[in-house]
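Heads up, the thing below is written out as structure tokens.
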Amino acid sequence: QVHLVESGGGWGQPGGSLRLSCAASGITFSAFHMGWYRRAPGKQRDLVATISVGGGTSYADSVKGRFTISRDNSKNMVFLHMNSLRSEDTAVYYCKALHLFSTYWGQGTQVIVSS
């Protein structure tokens, strides 16, 4: 059974930092491309960042230079380091695992950026 469990969400101040974590189980983690997505209130779920099996990364324009995605295959975890937070980063953040035709999602973790 596959589980993706996000953690680390919560409240952050504008200009501040948060780190999200996603722990995976039930998959061969190192074989999966991983990603972070987010759904802001009233909006669709959008891509935030991805990291490939080989470690290559990509980012949405809105988070480039502020967010960093990383993975630790020894721990079956992927991280999202969020710096210089903005109010528009407020959203539910989801972890995604992708391999060929298999896609798995976590339940999400809420991030609220407010002073």
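The values are calculated or read from the model by the stated rules, or taken from the named source; none is laboratory data. Worth saying up front: this structure is predicted, and the values here are computed from it rather than measured. Reconstructed Cβ throughout: ideal geometry from the backbone, glycine too, with neighbour counts over all protein chains shown. When the accessible area is computed, the model is the full protein with side chains, heavy atoms only, and any ligands, DNA or RNA have been set aside. Shrake-Rupley method; radii C 1.70, N 1.55, O 1.52, S 1.80 Å.
Computed values, structure above
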read-out: Neighbourhood charge, 15 Å Cβ-Cβ cut-off, centred on residue 44 and excluding it, Lys, Arg +1 and Asp, Glu -1; value: +3
read-out: The chain, relative contact order [Cα under 8 Å, separation at least 6], %; value: 36 percent
read-out: Cα-based shape type of the chain, given that a ≥ b ≥ c are square roots of the gyration tensor eigenvalues and the cut on a/c is 1.5; value: prolate
read-out: Residues of type aspartates and glutamates that residue 75 reaches as a straight line, Cα spacing below 15 Å, ignoring anything fewer than 8 places off in the same chain; value: 6
read-out: Accessible area per residue, Å², the chain with all protein chains present, probe 1.4 Å; value: 52 Å²
read-out: Charge context of residue 23, other residues only, Cβ under 12 angstrom, K/R +1, D/E -1; value: 0
read-out: Per-residue SASA entry for residue 28, accessible area with 1.4 Å probe, Å² rounded to 10; value: 90 Å²
